[in-house]
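Before any comments, here is the structure.
Values quoted throughout were computed directly from the atomic coordinates according to the rules given, and no laboratory measurement underlies them. These numbers come from a predicted model, not from an experiment. We place every Cβ from the backbone using ideal geometry, glycine too, and count neighbours over all the protein chains shown.
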Amino acid sequence: MGRVPLYQAKAEFFRMLGHPVRIRVLELLQDGPMPVRDLLAMIDVEASNLSQQLAVLRRSGIVTATREGPTVMYALAGGDVADLMRAARRILTEMAAGQAGLLAQLREADPSSLRAQ
């Protein structure tokens, strides 16, 4: 069996990130390890859905789970994950700023065409 090309592995990685609940979990875990009950209280989903999404993150190796008595604590597997989340925020901020700039230019060019928006 041949090796998976790097670009394909990257595509699989980003596909794994492609769920809003998973992204929210990663954002929350940037502040440090959290028990499932706290994650559930901060994310508006059913417990079974959160459990399913945590399992995907755990299997991918992007988060770790540690049992402390009856409590399961989740944490980011490394600092690179937090760096990735910060980079995504910067990129989205730049994209939004660019879109706002484009909208302003469009309004200046023909204000009557954008009044209803």
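Brief remarks follow.
- Folded to 0 to 90 degrees: helix 6-16 orientation relative to the chain principal axis, Cα: 90
- Test item: Cα-centred dipole of region 6-77, Lys/Arg +1 and Asp/Glu -1 on Cβ, debye: 280
- Choice from Gly18, Gly78, Gly98 with maximal GNM fluctuation in the chain (Cα, 10 Å cutoff): Gly98
- Between 0 and 90°, nearest 10: helix 47-60 axis offset from the chain longest Cα axis: 80
- Candidates Pro20, Pro70, Pro35, ranked by Gaussian network fluctuation over the chain, Cα under 10 Å, top entry: Pro70
- Each 5 Å bin from 0 upward holds the following percent of the Cα-Cα pairs of the chain: 2, 10, 16, 17, 14, 10, 9, 8, 7, 5, 2, 1, 0.
- Degrees separating the helix 79-109 axis from the principal Cα axis of the chain, which is the longest one: 20
- In terms of other Cβ atoms within 10 Å, Tyr74, Tyr7 run from fewest to most in the order Tyr7, Tyr74.
- Selected from Ala55, Ala11, Ala82 as most flexible by GNM, with the chain as the system and alpha-carbon contacts under 10 Å: Ala11
- Spacing of the modelled spin labels on Ala41 and Lys10, each 7 Å from Cα toward Cβ, amounts to 4.0 nm.
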